[in-house]
Amino acid sequence: QRILRLAEMCRRLETEEEKVLPFYSSSLADGEQRDAQRALEETPTEPLAQAVQDYVGLDRFWQRFNKVKLEEQALERERAALSQRNGHLRELLRQYLAGISVSQEVLGQPNPL
C-alpha cells in the first residue's frame, strides 16, 4: 500500500511523454502474448505462485522501475563514451597547442605538426 501511495504522489513529477506513453511496447509475438495472458489467468497451485498473485497490482510499478533502470544504464554508457571522447579531444588539443607554442621544452621534443 505504501509503494502504491508513493507511486501516486510521484505521478505529478512525470514528464508529459511518460504520462502519455509510459511503457515500451511488448517484444512478444502474438502467440507468445496470448500464452502469457493465458498463464496469468490460470489459478496458481503452488504456494509461491499464490503469494505472487497477491502482488499483481505492483506490475505497473515494476515495469516503471525496470524502465528507469534501463534508461539509467543507457545514460551511464553514454556518459562513459562522452568522457572517453572528451579525453581524446583534450589530447588532440594539447598536441596542437604544443605544436604552435615555442619554448625550450617544446623545442626539445619532436614537433607533432
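For this structure, a couple of remarks:
- The residues of the stretch 73-88 that are open to solvent by 100 Å² or more (accessible area, probe 1.4 Å) and within 25 Å of ILE3 (Cβ to Cβ), listed by number, are GLN73, LEU75.
- Positions within the stretch 14-37 being at pLDDT below 80, of a type outside the set (Asp, Glu) and open to solvent by 80 Å² or more (accessible area, probe 1.4 Å), in sequence order: VAL20, LEU21, TYR24, SER25, SER27, LEU28, GLN33, GLN37
- Of all residues in the stretch 39-72 being of a type in the set (S, T, N, Q) and exposed (fewer than 10 other Cβ atoms within 10 Å of the Cβ), the one that is nearest to ILE3 (Cα to Cα): THR43
- When ARG94, ARG79 are checked against the criterion of being out of contact with any Asp or Glu (no Cβ under 7 Å at 6 or more places or on another chain), over 30 Å from ARG11 (Cβ atoms) and part of a helix (DSSP H, G or I), a single residue qualifies: ARG94.
The values are calculated or read from the model by the stated rules, or taken from the named source; none is laboratory data. Since the structure is predicted, the reported quantities are computational estimates derived from the model, not experimental observations. Reconstructed Cβ throughout: ideal geometry from the backbone, glycine too, with neighbour counts over all protein chains shown. Just the protein is used for accessible areas: all its heavy atoms, side chains included, with ligands, DNA and RNA removed. Shrake-Rupley method; radii C 1.70, N 1.55, O 1.52, S 1.80 Å.
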